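Everything below concerns the one structure shown next.
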Amino acid sequence: MATIGFLGLGNMGRPMALNLVKAGHEVIGFDLSPEACEASRAVGLTVAGDADVAVRKADIVVTMLPAGKHVLDAYSGRMNLLSKAARGTLFIDCSTIDIASARAASEAASSAGMLAVDAPVSGGVGGAAAGTLTFMVGGSADAFARAKPVLEAMGKKIVHCGGAGNGQAAKICNNMLLGISMIGVGEAFVLARKLGLSDQALFDVASTSSGQCWSLNTYCPVPGPVPTSPANRDYAPGFAADLMLKDLKLSQQAAQGSGAVTPLGAAAAQLYELFAAQGHGGLDFSAIVTFLNGTPGKAPR
Ligand code: NAD
């Protein structure tokens with residue numbers, strides 16, 4: 001069992017750190033926010049008063065932070081944890097961040113004599129609590145081999161996607177596809193209603209025909225056909241529209257940097273931006289159907 005420093009004890013990090021403790025690891029957490037530290041102590045996590053203490057004795061350092069600048073700040077910037085950890089420590093960044101920052105973090109780690117992987121997740125807060133996350137991992141074969149057993153304590157599927165940054169690449173490609181497909185499903189329901197078709201009739205046909213996809217079959221954006229989808233609980237997330245917007249922006253940044261042509265990804269980013277600007281970014285991302293329906297924030301009736 002390993003000694004693990006865990007930075008970022010927010011909505012995702014806290015339950016992930018708890019699953020590492022349940023698997024028998026010694027976990028020392030740290031967060032810049034006193035509220036996050038307090039909430040973590042309340043669920044039984046050990047929380048250090050300063051980041052150096054969390055990493056000094058660690059074999060492995062896990063980060064679950066908002067964006068690339070926070071990860072670089074922790075690795076080699078203001079916190080400079082790469083200079084505080086023992087040589088050979090494995091750094092696992094589970095945050096969703098831009099690919100350039102992920103590759104810069106990995107390079108800084110190897111220059112400091114550390115191993116590193118980017119390992120963003122899919123599965124949301126529910127998956128983090130249940131230990132059923134999917135991890136998309138970028139890094140060397142050696143780093144992946146060391147990271148895998150630790151990630152298995154927090155997830156059920158661990159995929160090695162290639163070298164540094166490729167975990168982030170897989171994550172934003174998947175989420176660009178998800179944002180586009182959710183808008184497509186929403187448009188189909190809006191049109192069907194205008195044509196006098198019931199939601200259930202469209203669902204019964206499309207969910208077993210060529211229009212089927214996860215956004216329809218598992219996460220249907222209108223209330224009724226899939227009782228477990230957020231549409232049935234006033235679009236409480238789930239996966240918030242603000243987080244979808246973040247990932248769509250990352251996908252467009254990557255598309256511009258790499259020369260990929262992604263017009264539907266660009267349109268999806270614009271629609272989610274408008275929806276968030278109307279004050280609905282805290283709703284589940286499937287609520288984009290309410291924007292398309294002209295009733296932003298309210299389930300189509
Ligand atoms: P959150 O805002 O709840 O938690 C982030 C935490 O990081 C905060 O508590 C913040 O205080 C802390 N933090 C920031 N800089 C720090 C530093 N230098 N050292 C220590 N702590 C620091 O966010 P979250 O929902 O837990 O998401 C974390 C990451 O996971 C994000 O990159 C997000 O895109 C990704 N993600 C979230 C979800 C989800 O459903 N919430 C799903 C998949 C991926």
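The condition (being of a type in the set (Gly, Ala, Ser), part of a loop (DSSP other than H, G, I, E, B) and in the same structural domain as Phe275 (by TED's automatic domain parsing)) is satisfied by just one residue among Ser215, Ser209: Ser209.
Can Ala147 be described as under 21 Å from Thr3 (Cα atoms) and within 16 Å of the chain's Cα centre (by Cα)? So Ala147 does not fit the description; no. For the residues Leu243, Leu264, Leu250, the requirement of being crowded, with 21+ Cβ neighbours inside 10 Å and in contact with a helix residue (DSSP H, G or I) (Cβ under 8 Å, 6 or more places away or on another chain) singles out Leu250. From the residues in segment 111-128 that are within 11 Å of the ligand (Cβ to nearest atom) and surrounded by fewer than 22 Cβ atoms within 10 Å (Cβ to Cβ), which one is farthest from Gly163 (Cα to Cα)? Filtering first and then ranking leaves Gly126. For Asp284, the conditions (1) acidic (Asp, Glu); (2) under 17 Å from Ile97 (Cα atoms); (3) in contact with a strand residue (DSSP E or B) (Cβ under 8 Å, 6 or more places away or on another chain) all hold with the exception of (2). Kindly indicate whether any position in segment 129-146 is in the same structural domain as Met12 (by TED's automatic domain parsing), within 12 Å of the ligand (Cβ to nearest atom) and farther than 29 Å from Gln252 by Cβ. Yes, the conditions are met somewhere in segment 129-146. Here's a check for you: in segment 1-36, which residue that is charged (D, E, K, R) and in contact with a helix residue (DSSP H, G or I) (Cβ under 7 Å, 6 or more places away or on another chain) is surrounded by the fewest Cβ atoms within 10 Å (Cβ to Cβ)? Per the criteria, the residue is Arg14. Only one of the numbered conditions (1) open to solvent by 20 Å² or more (accessible area, probe 1.4 Å); (2) under 17 Å from the mean Cα position of the chain (by Cα); (3) touching a residue at least 12 places away in the same chain (Cβ under 8 Å) is not met by Gly162, and that is (2).
The single residue among Leu133, Leu151, Leu177 that is out of contact with any Cys (no Cβ under 6 Å at 6 or more places or on another chain) and without any contact (Cβ under 8 Å) to a residue 24 or more places away in the chain turns out to be Leu177. When we screen Asn174, Asn232, Asn217 for residues that are open to solvent by 50 Å² or more (accessible area, probe 1.4 Å) and within 16 Å of the ligand (Cβ to nearest atom), the only hit is Asn174. Considering only residues of segment 19-40 that are within 20 Å of Thr132 (Cβ to Cβ) and free of Cβ contacts under 8 Å to residues at least 40 places away in the same chain, which is farthest from the ligand (Cβ to nearest atom)? If we take residues in segment 19-40 being within 20 Å of Thr132 (Cβ to Cβ) and free of Cβ contacts under 8 Å to residues at least 40 places away in the same chain, then Gly24 is farthest from the ligand (Cβ to nearest atom). Being touching a residue at least 40 places away in the same chain (Cβ under 8 Å) and not aliphatic (A, V, I, L, M) holds for only one residue in Lys246, Lys298, and it is Lys246. Within segment 55-69, the residues that satisfy the criterion of being buried (at least 21 other Cβ atoms within 10 Å of the Cβ) and touching a Ser or Thr at 6+ places or on another chain (Cβ under 9 Å) are Val55, Ala58, Ile60, Val61, Thr63, Met64, Leu65, Gly68. Out of the residues in segment 82-106 that are closer than 30 Å to Met244 by Cβ and among the aliphatic types (A, V, I, L, M), state the one that is nearest to the ligand (Cβ to nearest atom). Only one residue fits best here, namely Ile97.
Out of Ala277, Ala268, Ala241, one residue alone is in contact with a Ser or Thr (Cβ under 9 Å, 6 or more places away or on another chain), under 19 Å from Gly297 (Cβ atoms) and away from the ligand (no atom under 16 Å from the Cβ). It is Ala268. Residues of segment 53-81 that are closer than 22 Å to Met16 by Cα and more than 10 Å from the ligand (Cβ to nearest atom): Val53, Val55, Arg56, Lys57, Ala58, Asp59, Ile60, Val61, Val62.
The values are calculated or read from the model by the stated rules, or taken from the named source; none is laboratory data. All values reported here derive from a predicted model rather than from experimental measurement. Cβ atoms come from the backbone with ideal geometry, glycine included; neighbour counts cover every protein chain shown. We work out accessible area using only protein heavy atoms, side chains counted, and drop any ligands, DNA or RNA first. Shrake-Rupley method; radii C 1.70, N 1.55, O 1.52, S 1.80 Å.
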